[in-house]
1. So how far apart, in nm, are the two label points at Ser102 and Ala184 if each is 7 Å from Cα heading toward Cβ?
2. Between Ile77 and Thr9, what length in nm is gained on full extension when 0.36 nm per residue of separation is reduced by their alpha carbon distance?
3. How many angstrom separate the Cα center of the range 38-55 from the Cα center of the range 57-79?
4. Give the total of Lys-Lys pairs in the chain with Cα-Cα distances below 19 Å; include a pair only if its members are 8 or more places apart or on different chains.
5. Go through Ser138, Thr190, Leu127 and say which Cα lies farthest out towards the positive end of the charge dipole of the range 124-192; charges sit on Cβ, +1 for Lys and Arg, -1 for Asp and Glu.
6. May I ask you to list the trypsin sites (Lys or Arg not before Pro) in the range 93-178 that are in a DSSP loop and have at most 12 other Cβ atoms within 10 Å of their Cβ?
7. Counting other Cβ atoms within 10 Å, which GluC sites (Glu not before Pro) in the range 117-192 have at most 11 and lie in a DSSP loop?
8. With point charges of +1 on the Cβ of Lys and Arg and -1 on the Cβ of Asp and Glu, referenced to the Cα centre of the chain, which listed residue (Ala25, Val80, Ala92) lies farthest in the positive direction of the dipole?
Amino acid sequence: MSGSVVEHTETIKNLLAAFEGESNAHAKYTAFAVKADIEGFHGAGSLLRAAGRAEQIHAQNHARVIKQLGGEAKCEIHPVEVKTTLENLKAALAGETYEVNSMYPEFLKEAEAQANAAAVRTFTWALEAEKTHARLYSEAIALVESGKKDAWVTKARDFFVCAVCGYTSETPEEHERCPVCNLAWEKFETIH
């Protein structure tokens, strides 16, 4: 990685913000999953656990780049306000939407301007996974709102998370390799 820490100050600031956001999302989704299971939304609970695992992977990736740039990955984990599963899914979707539409595109633009390949990669990986989370949360919200008792949100199910980039899928072996980072599908983690 070329350049001094000073040259990468804005990138480090963005990586720290992303690290804190992803770390807090992991804590939030873990708490939301418990509530979903209590309310009988076992599929939604699995989705929240899978997305939480993906957020943890994103935080680890961001932390690695922060360290490479000479920074230290530190953050504050905020108290989680747990509401109903529907409200929690809507809160999760709002967070993902912000990351997809605003945060990661802005962070990527700055990292690209600095020609920081490691930051571009970690931001891109997270952005692509967040797009999938937003889609799955939207689907889960619609199903919870519909009240259908036989929908996937009520049934125990597995989700599959790429151990490298956090890409999340609801189907086993969707591709031979991760569509984001090219990891072999058999290395995906199964989240219940």
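Throughout, read-outs are computed from the coordinates displayed, never taken from laboratory work. Just so it is clear, the model here is predicted, and its values are computed rather than measured. Here the Cβ positions follow ideal geometry from the backbone for every residue, glycine too, while neighbour counts run over all protein chains shown.
1. 4.2 nm
2. Values: separation 68, 0.36 × 68 = 24.48 nm, distance 2.28 nm.
Length gained between Ile77 and Thr9: 22.2 nm.
3. Using only Cα atoms to place each centre, the spacing works out to 24 Å.
4. Close lysine pairs under the 19 Å cut-off: 15.
5. After comparing all options, I get Ser138.
6. Numbers: sites: Lys109, Arg121, Lys131, Arg135, Lys148, Lys149, Lys155, Arg157, Arg177; in loops: Lys148, Lys149, Lys155, Arg157.
Those that pass, being in a loop and sparsely packed, are Lys148, Lys149.
7. Qualifying residues, ordered by number: Glu173, Glu176.
8. Result: Val80, furthest along the dipole toward the positive end.
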